[in-house]
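Q: Structure provided below as C-alpha cells; questions to follow.
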Amino acid sequence: MADRKKNGIDLKELGAKAMKIGDLNGDGVIDQKDVQIAMSKMGESTSKVVKNAGDSAGKLVSDAKTSVISAVDKNGNGQIDIEDIIIQGLSFPGIKINREEFLRKEFMKNYQQDVIDDAVANNPAHAKIPASDIDKIAEDVIQRERLAVSGISTLLGTPGGIAMVATIPTDIAQYYGYMLRATQELLYLYGFPQIDTEGNGQVLDSGTMNILIICMGVMYGVAGANKALQLVSTALGKGIEKKLLAAALTKGTIYPFVKKVATWFSVSLTKDVFAGFFKKAIPVVGGVIGGAITYASFKPCCERLKDSLKDTLLSNPDGHKNDKDIVIAGE
C-alpha cells in the first residue's frame with residue numbers, strides 16, 4: 001500500500017486519471033497517435049480563436065467606416081461626395097474670404113487708392129494692374145495656404161485607435177477647406193466677383209456650389225473641368241445676368257461638366273477617406289507622412305487653378321475678345 005502512495009498521493013489513481021485524459025483514441029495506452037489527436041484539436045481551437053478575433057476586428061472596422069460616412073455625409077444623400085467636403089470645409093472659421101477685404105489688403109502696399117477701388121468695383125485686370133503683379137500675389141497666396149494646411153494635417157494625423165474615427169472627417173475637411181480658401185483668393189485675383197459662400201444654413205446656392213466643384217476639378221486635373229471654368233469666366237466677362245449663369249451651371253451648357261467632375265470626386269473621395277482610416281492606425285508616423293504628402297500635393301493643385309484662371313475673358317480680356325461670341329445656354 002505504501003508503494004502506491006507518495007506524499008499522500010495515490011499514484012495508481014493518479015495514473016488512471018492521466019490515462020483517462022491522455023488516451024484520446026481509447027486503445028488503453030498513451031502513444032504518438034494520442035499526441036497527434038491532441039495537436040489536431042489544438043489547431044482547431046486556435047483556428048476558432050483566430051476566426052472569432054478576425055470577425056470582431058472586421059465588425060469594428062465596418063462600424064468605424066459607417067461612423068466616418070455618417071460624419072462626412074453633410075448633404076444627407078448617404079454617400080461621400082464633393083458637396084459634403086465643400087459644405088464642411090467652408091464651415092471652419094477663416095475659410096470664407098471677403099473679396100473686397102482681400103483685394104484691398106493685397107494691393108494696398110503697391111497701388112494708389114483709386115486703382116484699388118477700380119479693382120474692387122470691377123476686377124484687377126480692369127484696374128490695369130499688371131498680370132505679373134497678380135501672378136506674384138497668387139504665388140504668395142498659394143505658399144501661405146500651403147504652409148497652413150500642411151501644419152494642420154500633421155497635427156490631425158497623430159491620433160490612433162478609436163480616436164482616429166473622429167479626426168478623419170476633420171482632417172479631410174481642413175485640407176479641402178484650405179483649398180477652398182485658396183480657390184476663393186485666386187478667383188478674386190483673376191477677376192471673379194464675390195461668390196456667395198454664406199448659403200442658407202449648411203446649404204449653399206447651387207450655382208456657387210457648382211463653381212466651387214468646377215474649381216476643385218481643375219485643381220485635380222479632372223477632364224472637362226478646365227473647359228467648364230473657361231465657360232463660367234466667359235459668362236461673367238460677358239456680363240450675363242446671375243440668374244442665367246445659375247441656370248447654365250445647374251441644368252444648361254456647363255452642368256454636364258459639373259456632373260462629370262462630381263462623379264470623379266465621389267469615387268476618389270471614398271478611396272481617400274478609407275485610405276485615411278487605415279493610415280491613422282499608425283499614430284505618429286501617420287501624422288508626419290500626412291503633413292509631408294499634404295505639403296507636396298497642395299501646390300500643384302493650386303497651380304493648375306491659377307494657370308487656368310490667368311488666361312480667361314475676365315483676367316485677359318484683350319486675349320479673349322472672340323470669347324464674347326460663345327453662347328452660354330441656361331437650358
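The values are calculated or read from the model by the stated rules, or taken from the named source; none is laboratory data. Since the structure is predicted, the reported quantities are computational estimates derived from the model, not experimental observations. Cβ atoms come from the backbone with ideal geometry, glycine included; neighbour counts cover every protein chain shown.
Q: Considering only residues that are closer than 16 Å to Ile82 by Cβ and crowded, with 16+ Cβ neighbours inside 10 Å, which ones fall in segment 229-259?
A: Leu229, Leu249, Thr250, Ile254, Tyr255, Phe257, Val258, listed by residue number.
Q: Search segment 120-139 for residues that are within 16 Å of Glu101 (Cα to Cα) and pair each with any residue that is small (Gly, Ala, Ser) and part of a loop (DSSP other than H, G, I, E, B) when their beta-carbon atoms are under 7 Å apart and the residues are at least 6 apart or on different chains.
A: Taking only residues 6 or more apart or on different chains, the pairs are Asn123/Gly191; Pro124/Gly191.
Q: Only residues in segment 92-105 that are aromatic (Phe, Trp, Tyr) and in a loop (DSSP other than H, G, I, E, B) count as the first member; pair them with residues that are modelled with pLDDT under 90 and surrounded by 14 or more Cβ atoms within 10 Å (Cβ to Cβ), Cβ under 8 angstrom, at least 6 apart or cross-chain, and list the lot.
A: Phe92/Ala173; Phe92/Gln174; Phe92/Gly177
Q: Tell me, which helices (runs of 4 or more DSSP H) wholly within segment 223-331 include 2 or more residues that are at pLDDT 80 or above and farther than 27 Å from Ser132 by Cα?
A: Correct list: 242-250, 255-279.
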